[in-house]
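The numbers here are math on the coordinates, done by the rules we state, and not lab data. The model shown is predicted, which means the values in this text are computed figures rather than measured ones. Ideal geometry is used to build each Cβ from the backbone, glycine not excepted, and the neighbour counts take in all protein chains shown.
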Amino acid sequence: MSGLAEFLDAESAVVEVRIVEVRGSSPREVGAFMLVHESALWGTVGGGQLEYLAMDEARALVRSGERNRELNVPLGPEIGQCCGGRVRLEQRVLEAEDKAALLRQEAARTAALPEVLIFGAGHVGRALAYAFAPLPVQVKLIDSRAEELARAPLGAGRICTPLPEAELRKAGGGAVFIVATHEHSLDFLLTQEALARGDAAYVGMIGSKTKRARFESWTEGLTDALTCPMAAENKGDRRPEVIAAFVVAEVMARLGASKGAVRKQAVKGDL
């Protein structure tokens, strides 16, 4: 949220550009918005010529002295796009109360994002934190080693604690748990507890098939929900950044599947 707060503090006027109607194909959905001031953007309404047009019109709105304006934009050859649909954009210059409302909405949106808890701030843990940072999740990197956490990206929530299991227990339902500590025994303890919760969207433990077999011989019947090895599509590249890319794709696919299951259940409940 700090990025938005800094953007809204700009000395120049800030214009909100929001999609309020879509007909046919569109790069973004109704409700998607971006903010524009004289030298920067925050957010997106889909990129391409639509975004350039909206940006230019937003700045023209400020120069005109008007406070709001609507644009009806065909997404075809007229503007150099081929979506084939049409969008209606609402533009308005934000007042102080509008900015405060946006910050509240952003705080609520962020709080509702899935939690991703990464246990272990070593090479792979830090690479995972970097890879998750721009995605719609709440990233928490957890370790007892302050010096390793200090090397993590600023966007991640860094938690230095000798009791990582306490963070695991505080997580909400539907969280993601990725266990990649510097001790196998700690990996096993944390993974067992994450699986025992029964409400995780994803539980992954770093390691090989041999490590999984050792874990299965140590625990009791909880391993069906365990992903280990992680990054199954990775064909042997051991660079932390590459491993992280595959794990992130795996996790985001699982989160998407979980969200879809919740939607289906909600529809059934309405019938």
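Computed FRET efficiency, Cβ-Cβ of residue 151 and residue 184, R0 25 Å: what is it to the nearest 0.05?
0.65
Which of the peptides 130-143, 89-102 is most tightly packed, and how do the rest follow, going by the mean number of other Cβ atoms within 10 Å of each residue?
130-143, 89-102
Restricting to lysines 8 or more places apart or on different chains, can you count the pairs in the chain with Cα atoms under 21 Å from each other?
5
Can you give me the distance in nm between label points at residue 110 and residue 253, each placed 7 Å from the Cα along the Cα-to-Cβ direction?
Simple spin-label model gives 3.1 nm for this pair.
Where does the chain land at 222 nm, in deg cm²/dmol rounded to the nearest 500, when only DSSP H runs of n ≥ 4 count, each adding -39500 (n - 2.57), divided by all residues?
The helix-only estimate for the chain comes to -13500 deg cm²/dmol at 222 nm.
Relative contact order (percent) for the chain, with alpha-carbon contacts under 8 angstrom and 6 or more residues of separation?
In percent, rounded to a whole number, it is 13.
Of the peptides 175-182, 106-113, 238-245, how do they stack up when ordered by the mean number of other Cβ atoms within 10 Å, highest first?
Highest mean packing first, the order is 175-182, 238-245, 106-113.
What FRET efficiency do you get for residue 199 and residue 39 if R0 is 51 Å and r is their Cβ-Cβ distance, rounded to the nearest 0.05?
0.65
Percent relative contact order of the stretch 2-110, based on C-alpha pairs within less than 8 angstrom and at least six residues apart?
After rounding, I find 31 percent.
Go through 114-123, 197-206 and give me the packing order, highest mean Cβ count within 10 Å leading.
In descending order of packing, they fall as 114-123, 197-206.
Could you give the spread of the C-alpha atoms of the stretch 113-254 along their three principal axes, from largest to smallest, in whole angstroms?
Taking max minus min along each principal axis of the Cα atoms, the stretch 113-254 gives 38, 34, 28 Å.
Could you work out the relative contact order of the stretch 113-254? I mean the mean sequence separation of Cα pairs under 8 Å and 6+ apart, divided by the number of residues, in percent.
24
Helix 96-112: angle to the longest alpha-carbon principal axis of the chain, degrees 0 to 90, nearest 10?
Taking Cα atoms only, the helix is inclined about 30 degrees.
Could you size up the charge dipole of the chain around its Cα centre, putting +1 on the beta carbon of Lys and Arg and -1 on that of Asp and Glu, and report it in debye to the nearest 20?
Dipole size: approximately 660 debye.
log₁₀ I(q)/I(0) of the stretch 2-110 at q = 0.12, 0.16, 0.22, 0.24 Å⁻¹, via Debye over equal Cα point scatterers, no solvent, to two decimals?
Reported log10 I(q)/I(0), two decimals: -0.40, -0.69, -1.20, -1.35.
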